[in-house]
Every structure is written in C-alpha cells, then in structure tokens.
Amino acid sequence: MCGIVGFTGPQSAAPILLQGLKALEYRGYDSAGVAVMDGGSIRLEKVSGRIANLCEKTRDGQAVPGCTGIGHTRWATHGAPTDINAHPHLSNDGRFAVVHNGIIENFASLRDELTQKGYSFVSETDTEVVVHLIEMYYRGNLKTAVMKTVSRLEGSYALGIVCTDYPDTLFAVRQASPLILGIGAGENFFASDVTALVAHTKNCIYLDDGELAELSPESVKVYDCAGQEIKKSVNRITWDLEAAEKGGYEHFMLKEIMEQPAAVKSALTPRIKNGEIVLDDFDPDGSLLRGVSRIVITACGSAYYAGCAGRYAIERLSRIPVTTVLASELRYDDPIIDDGTLLIVLSQSGETADTIAAMKECKRRGASTLAIVNVVGSTIAKMADHTLYTYAGPEIAVATTKGYTTQLAVLFLFALYAARKLGRIEDAQYRALLRQLKELPKKIQQAIDMAHSTEKLAQKVHKAPSLFFIGRNTDYAVALEGALKMKEISYVHAESYAAGELKHGTIALIVEGQPVIAVCCNEKLSEKTMSNIIEVKARGAKVLSVAVQGNRQIFSVADDVVCIPPTEQLFTPLLAVIPMQLLAYYTAKANGRDIDKPRNLAKSVTVE
Ligand code: M6R
C-alpha cells in the first residue's frame, strides 16, 4: 500500500527521498512522486509505474534541487495509476504539497464544497481535497491550518505536508495509518515504516492517532490533537540495513524462506526460560486465562491461515473453545463477544485495516486482546492489551513466509502455556511438547533441505490451469496456505479442499492429468487422506504428497512425495508449509513472475 517519506536536513533531499521510496517498494505501488522545496517554490516530479522511471526522469534526484521534501508511492484506490493521480498533490496557489496514505471517506462532499468555493481539482484522488482544505484554512500558521483540515476528514490518513512559507519544515499527521519519525543528527525524517529509515538513523518516534509533528533539521516537535506540545519517547530500531537487503538471494521471498529456522528460533527462545514458557508480560499468574470462556482468533490472508493451523493446538491442549474468523467478515458481523472472550489478533505488519477494525469492534464488546505481531510499534501492537512480537525481522516479499511460521510458533507457545496455566496438561507431556517445540528451528532447516525436489516438481505444475490442494484437519489448514501462496505469486489458479469434502462435489472437477497436492502429515488421519489420494488418482489425477518421513505407504499411493521430519502432530503445519512455500516460489519462477511484488498486491493492506 502507499508509502510516505519525508526529509529535512543539510543534504539534497530528492536522492534521499528516492532511496526511501525504494525501501518502501515492497509495500506495493503503481506510481511515485516527490515534492522538494526549491527556493521560494515547490518542485514536483511524479510518474506512473516504477520508481526506476522517477529516478530516470530526475537523474536519481540530482535534477531536483532543495534540501526539504516529501515523497510517495501510490497504490491506486481513487482513480487510475496515472501521472496526474500520483502524489504529491499541489494546492491551487502552489504553496502547499501533500502526500497521503489511507482513504478520505468523505472526500466527495468535501470536493463539492471546495469546488463551489472555487478550488479546481486536477486529479481523481480523494487526497486532493486535503491540500485544498489546507490552502483554504491557511492564515499564516500551518499548524493551525493542518489541525482545521484534519478536523474535517473522515477515514484514515498519514499525511506529509510542505509549505513554501516554511522552507525547511515538514509537517506530518496520522489517523489510523502508520507514520514514524526518524530522528537524525542535524536531519530528520518521516516514513510509513522503518525500512525507509534504517539507512539513516535507528532512533525513531512512533506517532499515535491524532498527533501532529513538525520537523526541521534541528528539531522535532509533536502535538496532540488539541495542538498542545507533548513529550514522546524515542525508540531504538533493532533491524539493520542488511536485514532489509537481499543478501545474495535472487528474491526476498527465497531469502525469507531460508531465514525461517533463525526467525522461529528468535520467536521461541526468549520465551522458554528454565523449562517454563514465559509469554513476556502476558498473564504471568494465569488469572486472565482462568476467566476466559472462549478464544476467537482473527486475521486476514495468511495470518488467518496461521490462526486456522494454530487453533488445533490451542483447543486440544488448553481445552478452551476456539473459533477462527476472518477479520474482514468479523468487522461487519454481530459477534457474540463479551468479557469472557480472549481475542487473538494475528498480523505480520500490524497495520491491516480490516484486522484493526475487527479488533476495535471486539474490544468495544469487552474482549481482552492479545496481538501476535511482527512490526514493533505498529497500530495493532499498540492497540492490544497484550502484544507478543514474533521477532521475524523485516519481511519484504509481499508473500509472507517467515511472518506465517513465526506466528504459528508463537501460537504453539501460547497453546502450551495456556494448558500449563490451566492445569490441563500432565507434567511429562508438557515437557515432551516443549522439547519438540525447541527442536522446530532445526527441523525447519531439515524440511528446507528435504524440499530440494520442489524446483523440479514445479515444472510439472506450472502450466496447469488449476491446482487442487487437499488435506484433513491440521493438514487442511496447511492446504489453505499452500493454495494462497501458489495463487498470489505464480498466478496459477489453486483451490484448497478439506479432503473429506471431495466426494461432496469437487471430485467432479478431477480429470485426467489434474495436479493434486495432498498434505498427508496428520498421522491420525493419514490413512483417510491416502484413501482420498487413491480416489483422485483413479480419476486420472497426478498427486504430489507432502508426508512425514517414515510413512512408507505414501510412496505407493502418490506420484511424487516430499517429506518433512517427524514432530508432534499438532506442530506439523509449521514444517509442512515449507515445501508449499518452495513449490509456489519455483512455480512462480518457472512462470517468470515478479515474485517479490506480485501484481495488484500490497504488503500491508492499510485500506479496506
Ligand atoms: O500484515 P498482515 O499479516 O496483517 O497481513 C495479512 C494479509 O494481508 C497477508 O497475510 C497476505 O495474505 C499475504 N500477502 C499472504 O502472503
């Protein structure tokens, strides 16, 4: 989704803004632009398409003089991805330029009002109303004009603003869209996320909703929504630049797949102390869990599928009833949620608009909230009563891999923790499962090594018009994620079915040569899934199965087999997903896709 950067300091701004925009590329965009203060005027450059076009047009920023400016990558919502609709947008008098991330929901009525007052619009965007409102309210004090403007806006926004009367100053304001200030020495920044800041500074301030910031090279002031200056703490970014670079891999996605042993270790290790699980400051005495009658897990996309896979472990071990609900559905439902509900919210980015909305609704109804999030200081992390970070490090590829597996690792920790605190697990079983949990990073590495054949197997499926992913129970949860991964990066249509459902309709689609990917890692149900494999093979399907090492029968049933190392059955999704990720990756590669930035998708979906 849209990315924002701002810089003020002694150096030329445009090259720094372009570098920041490149760091935000992974969020997804279809046009880009910069606005730089050049003497008494604003110099604007914007193009549709890639940042590379903007770099070419501006000679990597050298052709745009000035030391204070704002930049933007736009992911089109209102109006096509054209040069004119690209941000920044200029006021009619040329005095103000604005970049915006989010959606102004009442833009149509504001547009009518401003048009009637004589302001002319050049773009189809919702954002343009903002810059005209600022011009309308400006009486020599930009802070006042911005505050009056945002009081008229409904929806979500992170705004970056420059004005010719303030040649070395940036203004930034946020409401339900991420915005972070970067604090440097004699220079200051803002950006949608820390990946655009780490090359320059590791000190940052997370703006909260309703706050406004005023940045010059020497100072950073933050005001609350009433305009009073407030003190904000400066946080230290723990990611380094190297973590946000490809490190020799052809794609970020492959790098992130390979990072999973280390990422899952980072999620688990700090939380296992002297043979006990410690979930940071979450419910140390178990009193919260004792009052919980029901757990609801909510999220979107892969994070939701991580919830589906983790649900089995939580319910089976803690015996608390667990339901999983898509956040985009939950937000408009009338859910039965009360103060006996623990809402577990999963999100890599911590900024997904639907997930935030669902969380707000459940909080309003009295639920306690536990967020499992990767991005430190993100909106969901801050909104939750309790947050467990996944410590996966920056995930740049749009298709999540280590984001998903670290979420699962934390869900497994939670499941075991809840069972222990509620006294619903024998000591010996607890210790055995904890041992298995600790071995997962090593086993992920083994699963990666065992999945080397996926590169060759991708050649068998990449031209298929459609793929089936099947499995039962925990394997079905993996099939859901496998099909999503395949669709989003290879553009091959893929559907997942609970294997037992085939007979109820979908088996009609099985014809000679139809590829079926069968996840068969749940030992209690593997006989059943193998029967389903035999059924589809009898109708001509070609079956690739993911199975646990030691399952000899599978070799006589499936056409191809990729094994994962044995582990506790409840934890198998964390290993079984590895060949799914690699198969999707190599299929996308065989199809020549833009793997890290698949079409139409954004890394962090900050609008509905
Ligand atoms: O940042 P989040 O985990 O909240 O994102 C949720 C989904 O948008 C995300 O998982 C999406 O489905 C991924 N592209 C899947 O790879």
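Structural remarks
- Residues of region 490-517 that turn out to be modelled with pLDDT under 95 and closer than 17 Å to Val562 by Cα, as a count: 0
- Taken over region 115-127, the criterion of being more than 15 Å from Glu154 (Cβ to Cβ) and open to solvent by less than 50 Å² (accessible area, probe 1.4 Å) is satisfied by Tyr119, Phe121, Ser123, Thr125.
- Checklist (1) touching a residue at least 60 places away in the same chain (Cβ under 8 Å); (2) β-branched (Val, Ile, Thr); (3) open to solvent by less than 10 Å² (accessible area, probe 1.4 Å); (4) in a loop (DSSP other than H, G, I, E, B) applied to Val99, failing item: (4)
- Residue within region 394-416 that is at negative phi, over 25 Å from the mean Cα position of the chain (by Cα) and among the aliphatic types (A, V, I, L, M) present: yes
- With respect to being more than 16 Å from the ligand (Cβ to nearest atom) and either modelled with pLDDT of 95 or more or open to solvent by 30 Å² or more (accessible area, probe 1.4 Å) (or both), Lys487 falls outside the description.
- Selection status of Val173, open to solvent by less than 10 Å² (accessible area, probe 1.4 Å) and not basic (Lys, Arg): yes
- Taking each residue of region 393-405 that is among the aromatic types (Phe, Trp, Tyr) and looking for partners that are within 7 Å of the ligand (Cβ to nearest atom) with beta-carbon atoms closer than 6 Å, six or more apart or interchain, yields Tyr404/Ser302.
- Considering Glu608, Glu568, the condition of being more than 14 Å from the ligand (Cβ to nearest atom), among the acidic types (Asp, Glu) and open to solvent by 10 Å² or more (accessible area, probe 1.4 Å) is satisfied by Glu568 alone.
- Taken over region 287-318, the residue count meeting the criterion of being away from the ligand (no atom under 16 Å from the Cβ) and assigned to a helix (DSSP H, G or I) is 12.
- Ile444 being of a type in the set (Val, Ile, Thr), out of contact with any Gly (no Cβ under 7 Å at 6 or more places or on another chain) and part of a helix (DSSP H, G or I): yes
- Filter pass, Lys265 being within 30 Å of Tyr585 (Cα to Cα) and either assigned to a loop (DSSP other than H, G, I, E, B) or open to solvent by less than 10 Å² (accessible area, probe 1.4 Å) (or both): no
- Residues of region 427-457 that are out of contact with any Asp or Glu (no Cβ under 9 Å at 6 or more places or on another chain), closer than 22 Å to Tyr404 by Cα and of a type outside the set (D, E, K, R): Leu440, Pro441, Ile444, Gln445, Gln446, Ala447, Ile448, Met450, Ala451, His452, Thr454.
- Entry remark, region 469-484: residues being farther than 16 Å from Lys537 by Cα and either within 16 Å of the ligand (Cβ to nearest atom) or open to solvent by 30 Å² or more (accessible area, probe 1.4 Å) (or both) number 11 in total.
The values are calculated or read from the model by the stated rules, or taken from the named source; none is laboratory data. Note that the coordinates shown come from a computational prediction; the quantities given were computed from them, not determined experimentally. Cβ: placed from backbone, ideal geometry, glycine included. Neighbour counts: every protein chain shown. Side chains included, ligands, DNA and RNA excluded: accessible areas come from the protein's heavy atoms. Shrake-Rupley method; radii C 1.70, N 1.55, O 1.52, S 1.80 Å.
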